[in-house]
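*Asks:* Handing you a structure now.
The values are calculated or read from the model by the stated rules, or taken from the named source; none is laboratory data. Since we're looking at a predicted model, the values are computed, not measured. So basically every Cβ, Gly included, is an ideal-geometry build from the backbone, and we count neighbours across all protein chains shown. Please note that ligands, DNA and RNA were not included when accessible areas were found on the heavy atoms of the full protein model with its side chains. Shrake-Rupley method; radii C 1.70, N 1.55, O 1.52, S 1.80 Å.
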There are 2 protein chains.
Amino acid sequence: MAKIDDVARLAGVSKGTVSNVFSQKRPTSPKVTERVLRVSRELNYVPNHTARSLVTKKTMAIGLTIPHGNFFFSAFHNQFINGVILEASTYGYRVLLDMIAVEEVKTPSLASYPIDGAIVLGPTKEDRRIQLLHQNQIPFVTVGKIMNQGIEDVSTVNNNNDKIIHDICNYLISKGHRNIMFLNAGQQMTVSIVRTEAFIHALEAHQIELRPHMIHYKPLIYSEEYMRYGYDETYNTLANLEEKVTAIISDDDRTAFSAMNALKDLGYCVPEDISLFVICGDLSMMHQVTPSLTGMDLQPSELGVQSVKLLMHKLSVLEGEFTNHWIVDSKIVERDSCSSV
Amino acid sequence: MAKIDDVARLAGVSKGTVSNVFSQKRPTSPKVTERVLRVSRELNYVPNHTARSLVTKKTMAIGLTIPHGNFFFSAFHNQFINGVILEASTYGYRVLLDMIAVEEVKTPSLASYPIDGAIVLGPTKEDRRIQLLHQNQIPFVTVGKIMNQGIEDVSTVNNNNDKIIHDICNYLISKGHRNIMFLNAGQQMTVSIVRTEAFIHALEAHQIELRPHMIHYKPLIYSEEYMRYGYDETYNTLANLEEKVTAIISDDDRTAFSAMNALKDLGYCVPEDISLFVICGDLSMMHQVTPSLTGMDLQPSELGVQSVKLLMHKLSVLEGEFTNHWIVDSKIVERDSCSSV
DNA sequence: CTGAAAGCGCTTACAG
DNA sequence: CTGAAAGCGCTTACAG
């Protein structure tokens, strides 16, 4: 590979000038620019990214840290990542996919992360990734609330999960449902904790007693059990319960499908016998299935975009005012899976 | 951030020695090792990845190039990426998500890609990404066959798409189907071209005439139209056709759902009136829906793993023999969506 | 097993 | 607008 010296020599200019032609940080005369560019093309020269990084102290990459061991992309993640990549490329940034274990203590990494900042997906209570990032002084934003981290003023982008659960519960309760089963996300995730609290409050507000069968949590690790979560929890609790559950709130579309399968085996029809509400799923796919599924539009792509924007502010790539906590709007999308009792 | 000089000075050793205790490329005495490690911990020192890269000429990252503009992860991609990340981390490699436009000519990138090698997903005919990679002398492997590139001896990992289509056709034809509609992937993708050829051969082998309504291609760009592909093609062709299509082969699960929705609107039941076969979908989800969907197990995660292994061979991080063309096995998973006519 | 020194390929004050 | 030189923070022959 040709290097800057080769180009400089052949174009009869200094390295600094070649550098300027490519970085455009200082003006270069048209003649020189043209000559440098021509020589570069002949030599197939492109500035070495690593050498540049070493002096600018910027890698032009952001890390997307995904929970290790629980790595499974849902439609939500897809769209989120889509937003992240598109927005990041706007600023010339690339995206490094990173799995850092949420809990287990491994040997410290043998070198620094070659990233300028990070986006943390699905934070958990006492999330180790956040400690690591903080300790290595890497600017980051979390997608979701953080808890028990002992770190001040963490930047977050999030949906209003409290409001989301209230909206869903009010929606279902207004349809006459009082025995609602909630298939929540993983217990250690902060989003689950927020949702559970909101769920309990919503029930209280309508004088509905909270019962043990009402709240369930997704297994932590991606596994056979994880895939069967919706089926198993639905089948086991409905089959062994005296009273009749009339509505299910499902964390995602996969869980919903899985739950529907259990309902079928139990002889229940959706929405005639039981209503089903999906919090975070692929709206397009939910529209296509029968019955089409009522759910929440969380705007995952927008979450991705805003995460990048906020991170860019922290990296001073983006100038101007910004808020450390950005909320992305959400709204109910009514389809055919919820009915009145 | 502490640098190697700080550690060297405080530990009373040379920079080279500090370097050795971290890289472990040359032995260091226990006492020195311990002292260096202790000082490093005190100073919170970690070797600078970029500086190391500059001299070793390795970024320890591989690029995963995803078609730009058509970026939409399916379950297949999810599992593929999962395999890639897991396997790459085995060798200390990270994964950089990269979108390079397949066709449009953009201004050349302002710096080299900070990757040691690349994996190209979903190659198209005359794929620009492959030209770019080749031109920049970045080792790469494609997942899928390449065509019209004028490049010798490209490494590929792939399913045997020819065999897959033959297996599917034989399966359906053995059940008495003779009017089969094929909802293929995007027309410019090499996989689609291979599939179409195999489809035509399979029909010929059974003296079935190929008709215009039989083969359809997914829109190139992720769009509203893209999401409606399965519905629109199914609805429009079945509604306007005299003869009766009795089986549909669908590229992926999303398309299948979408097609089923059209079938419902047309008053057809699966599999009573029409059979449905999914080539590449989320087997677990396909198992959960009603009717459960018959399809192919393409082992996407294994494709990811093998792509990385092959790339590692090309980068000489993996020693020993290897073949430039690796085929991952596939097999039919029978469920409830195909019946005999 | 350890050290001194050169060098990886750029960018960036500084000077003109 | 351009150049000469120092320096980014490591690794790696070379020498001992």
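*Asks:* From the list A:146, A:138, A:165, A:151, exactly one residue is assigned by TED's automatic domain parsing to the domain that holds residue A:234 and β-branched (Val, Ile, Thr). Which is it?
*Replies:* Details: A:146 fails: assigned by TED's automatic domain parsing to the domain that holds residue A:234; A:138 fails: assigned by TED's automatic domain parsing to the domain that holds residue A:234; A:151 fails: assigned by TED's automatic domain parsing to the domain that holds residue A:234.
One residue alone meets the criteria, A:165.
*Asks:* In this structure, is residue A:55 within 12 Å of DNA strand C (Cβ to nearest atom) and either surrounded by 15 or more Cβ atoms within 10 Å (Cβ to Cβ) or at positive phi (or both)?
*Replies:* no
*Asks:* What are the pairs with Cβ atoms under 6 angstrom where one residue, in region B:223-248, is under 18 Å from residue B:264 (Cβ atoms) and the other, located anywhere, is in a helix (DSSP H, G or I) and open to solvent by 40 Å² or more (accessible area, probe 1.4 Å)? Sequence gap at least six, or different chains.
*Replies:* Cβ pairs passing all conditions: B:238/B:266.
*Asks:* I want to confirm something. Restricting to region B:86-99 and keeping residues that are facing another protein chain (nearest Cβ under 8 Å) and open to solvent by less than 10 Å² (accessible area, probe 1.4 Å), which single residue is modelled with the lowest pLDDT?
*Replies:* Looking at residues that are facing another protein chain (nearest Cβ under 8 Å) and open to solvent by less than 10 Å² (accessible area, probe 1.4 Å), I get B:97.
*Asks:* Considering region B:219-235 alone, what residues qualify as being of a type in the set (Ser, Thr, Tyr), open to solvent by less than 70 Å² (accessible area, probe 1.4 Å) and not in a loop (DSSP other than H, G, I, E, B)?
*Replies:* B:226, B:229, B:231, B:234, listed by residue number.
*Asks:* Could you figure out which of (1) free of Cβ contacts under 8 Å to residues at least 24 places away in the same chain; (2) of a type in the set (A, V, I, L, M, F, W, C); (3) within 30 Å of residue B:228 (Cα to Cα) isn't true of residue B:322?
*Replies:* Result: residue B:322 passes all but (3).
*Asks:* Can you confirm whether residue A:1 is away from DNA strand D (no atom under 12 Å from the Cβ) and closer than 29 Å to residue A:139 by Cα?
*Replies:* Details: away from DNA strand D (no atom under 12 Å from the Cβ): yes; closer than 29 Å to residue A:139 by Cα: no.
The answer is no for residue A:1.
*Asks:* I'd like to check something: does region A:118-135 contain any residue that is more than 14 Å from chain B (Cβ to nearest Cβ), touching a Ser or Thr at 6+ places or on another chain (Cβ under 7 Å), surrounded by fewer than 22 Cβ atoms within 10 Å (Cβ to Cβ) and not basic (Lys, Arg)?
*Replies:* Checking region A:118-135: not a single residue is more than 14 Å from chain B (Cβ to nearest Cβ), touching a Ser or Thr at 6+ places or on another chain (Cβ under 7 Å), surrounded by fewer than 22 Cβ atoms within 10 Å (Cβ to Cβ) and not basic (Lys, Arg).
*Asks:* Also, I was wondering about something else. Which ones in region A:40-52 are open to solvent by less than 60 Å² (accessible area, probe 1.4 Å) and more than 10 Å from chain B (Cβ to nearest Cβ)? Steps first, please.
*Replies:* Quick first cut of region A:40-52, residues open to solvent by less than 60 Å² (accessible area, probe 1.4 Å) only: A:40, A:43-47, A:49-51.
The one that is open to solvent by less than 60 Å² (accessible area, probe 1.4 Å) and more than 10 Å from chain B (Cβ to nearest Cβ): A:43.
*Asks:* Same structure again: Mind checking which residues of region B:1-39 are within 8 Å of DNA strand C (Cβ to nearest atom), open to solvent by 40 Å² or more (accessible area, probe 1.4 Å) and not in a helix (DSSP H, G or I)?
*Replies:* Those that are within 8 Å of DNA strand C (Cβ to nearest atom), open to solvent by 40 Å² or more (accessible area, probe 1.4 Å) and not in a helix (DSSP H, G or I): B:12, B:14, B:26, B:27, B:28, B:29.
*Asks:* Give A:52, A:38 a once-over and let me know the one that is within 11 Å of DNA strand D (Cβ to nearest atom) and without any contact (Cβ under 8 Å) to a residue 60 or more places away in the chain.
*Replies:* Numbers: A:38 fails: within 11 Å of DNA strand D (Cβ to nearest atom).
Answer to the check: A:52.
*Asks:* Just checking: which of the helices (runs of 4 or more DSSP H) contained wholly in region B:236-341 hold 1 or more residues that are under 17 Å from residue B:159 (Cβ atoms), open to solvent by 30 Å² or more (accessible area, probe 1.4 Å) and within 14 Å of chain A (Cβ to nearest Cβ)? Before you say what the answer is, go through the steps one by one.
*Replies:* Details: elements: B:253-266, B:283-288, B:300-314.
In region B:236-341, B:283-288, B:300-314 are the helices (runs of 4 or more DSSP H) which contain 1 or more residues that are under 17 Å from residue B:159 (Cβ atoms), open to solvent by 30 Å² or more (accessible area, probe 1.4 Å) and within 14 Å of chain A (Cβ to nearest Cβ).
*Asks:* Would you say residue B:214 is in contact (Cβ under 8 Å) with a residue 40 or more places away in the chain and either among the hydrophobic types (A, V, I, L, M, F, W, C) or at positive phi (or both)?
*Replies:* For residue B:214, the condition - in contact (Cβ under 8 Å) with a residue 40 or more places away in the chain and either among the hydrophobic types (A, V, I, L, M, F, W, C) or at positive phi (or both) - is not met.
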